[in-house]
Amino acid sequence: MPLKEHTPFIENIPAYALGSLDAEDASALENHLKTCNSCRSELTVYRAMSEGLLAAIPPKSPPASLRRQLQSKLPSARRLSPQPLRWSWNQFALAFAVGVLVLLNAFSVFQMQSLQRQQAQLSYQLQSEQTALALLSYPGVKTLAINTDGITGTLLLDEDRNAVALFAWNLPPLPDSRTYQVWLIGAQGERVSLGLFHPEPSLPFTSFSIISSENISNFVGLGVTVEPSGGSSHPTGTRLLTVNF
Amino acid sequence: MKYTPAQFSGWVEYNGYMSDLEDAKLAAQVTQGDEKAFLALYDRYSSRVHALTLRILNDPMMAEEATQDTFLKLWNRAHLYLAERGSLLPWLLTIARRVALDRLRLEARRPLLSDADDPDEKWQSIPDGNTLSDEHRWRSLHFAVQSLSAEHRQVIELAYYQGLSQSEISETLGWPLGTVKTRLRAAMQQLRREWDR
């Protein structure tokens with residue numbers, strides 16, 4: 001090959017050996033190298049030189065910790081150490097779906113329990129009302145009006161059967177930690193518990209009915225107080241209403 | 001087989017042919033999954049690899065990561081090393097240079113090196129039966145680089161240790177492309193005179 005044609009290529013060999021030749025020139029040189037033995041020999045020398053340049057830097061030891069780090073990445077170390085939990089997208093999506101299902105189920109259970117509680121309360125309310133209606137039809141049943149601090153209602157008293165039915169409007173709703181407790185009031189001021197009730201927030205009135213084991217005619221009145229959930233042995237909380245027989 | 005970690009301080013003595021034979025044997029054992037052989041190669045060459053990555057990256061933390069990546073590549077790609085094509089150390093240093101330059105390019109948001117710069121690709125395309133260098137030549141080359149003029153040293157530094165193309169050097173230094181080409185060629189020719197001596 002004439003020297004004139006050869007020159008541009010041979011001049012680019014040092015830069016090519018260093019990896020610094022621009023792409024277009026590099027491509028042209030590579031084509032030339034396929035057919036030019038002398039340029040290939042020249043490149044061999046410059047390539048050895050460029051490799052020499054990599055080694056021509058005074059050695060510097062890395063910190064000892066690097067060897068340990070590297071060792072920890074080898075298979076024997078990986079077998080000994082527990083594998084970190086790595087989830088694929090599918091596993092992550094599955095876990096998310098299971099999580100959502102668990103939450104939905106928990107919500108459904110909560111909702112069902114709430115409905116059951118509501119149903120039990122409504123059923124109790126219905127029974128109270130039926131008892132009260134039955135009482136009304138009996139002769140000798142006393143009907144007493146309630147009108148205390150904005151709370152109105154009716155108290156039905158059947159002394160023959162020791163039955164009591166209380167209807168009250170606008171009773172303030174209570175938190176779960178509190179309950180209403182009904183007391184019979186004796187002539188000496190003693191109190192006997194008749195029972196507990198909790199107003200249903202969805203209804204505007206509350207009814208409470210009971211057939212007492214006590215002889216009602218021995219008592220002079222009835223009172224309702226707010227007590228801790230579960231009731232008290234004697235009145236401790238705010239008195240809500242009192243009805244004299 | 002028992003391996004003794006080499007203790008390096010400053011320049012390491014590279015024992016030429018005997019060392020190459022042992023390197024080839026160790027590399028072959030690494031391909032079989034021999035961790036002791038791998039650590040023996042680490043003990044032998046980590047200071048060389050680390051010096052190069054530190055020179056290129058100029059950041060101890062990044063240099064350590066690049067050194068580690070280089071040896072992990074050796075662990076995973078030892079089967080690609082062909083002893084008949086040349087010594088192990090230059091092959092390993094070529095990998096280290098590429099790893100470090102890729103990190104540098106990532107940091108600078110420049111495109112990574114093309115596969116054409118991959119040491120394995122290079123070896124496949126241009127057979128090289130005479131890359132056996134020795135410690136004396138490398139040391140001479142080191143001093144030859146030190147004796148270059150500031151402009152020539154700078155252009156070698158940017159081309160080889162920073163991985164810039166001639167056009168990028170021209171842009172970086174504000175020199176005409178022709179000047180970059182001339183200075184790079186002149187610097188390499190000067191180094192070659194020392195190399196051939």
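Here A:C36 meets the list (1) surrounded by fewer than 18 Cβ atoms within 10 Å (Cβ to Cβ); (2) more than 7 Å from chain B (Cβ to nearest Cβ) almost entirely, failing just condition (1). From the list B:D102, B:D120, the one residue that fits, being of a type in the set (D, E, K, R) and either modelled with pLDDT under 85 or surrounded by 22 or more Cβ atoms within 10 Å (Cβ to Cβ) (or both), is B:D120. Checked against (1) polar (S, T, N, Q); (2) under 30 Å from B:L52 (Cα atoms); (3) modelled with pLDDT under 90, A:S50 passes all but a single condition, namely (3). Among the residues that make up segment A:192-202, is at least one of them surrounded by 15 or more Cβ atoms within 10 Å (Cβ to Cβ), at pLDDT below 90 and farther than 30 Å from A:S114 by Cβ? Looking through segment A:192-202, none of the residues is surrounded by 15 or more Cβ atoms within 10 Å (Cβ to Cβ), at pLDDT below 90 and farther than 30 Å from A:S114 by Cβ. Residues of segment A:156-188 that are in a strand (DSSP E or B) and acidic (D, E): A:D158 alone.
Each row is one residue, and each column tells you yes or no for (1) over 16 Å from B:L93 (Cβ atoms); (2) within 12 Å of another protein chain (Cβ to nearest Cβ); (3) at pLDDT 95 or above.
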| residue | (1), (2), (3) |
| --- | --- |
| B:K25 | yes, no, no |
| B:A28 | yes, no, no |
| B:T31 | yes, no, no |
| B:Y45 | no, yes, no |
| B:T53 | no, yes, yes |
| B:T67 | no, yes, yes |
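A residue that is touching a Leu at 6+ places or on another chain (Cβ under 6 Å) and over 18 Å from B:R185 (Cβ atoms) occurs somewhere in segment A:47-54. Scanning segment B:83-97 for residues that are at the interface with chain A (Cβ under 10 Å from one of its Cβ atoms), touching a residue at least 40 places away in the same chain (Cβ under 8 Å) and of a type outside the set (K, R) returns B:G86, B:S87, B:L89, B:P90, B:L92, B:L93, B:A96.
The values are calculated or read from the model by the stated rules, or taken from the named source; none is laboratory data. All figures in this text were calculated on a predicted structure; none of them were measured in a lab. Reconstructed Cβ throughout: ideal geometry from the backbone, glycine too, with neighbour counts over all protein chains shown.
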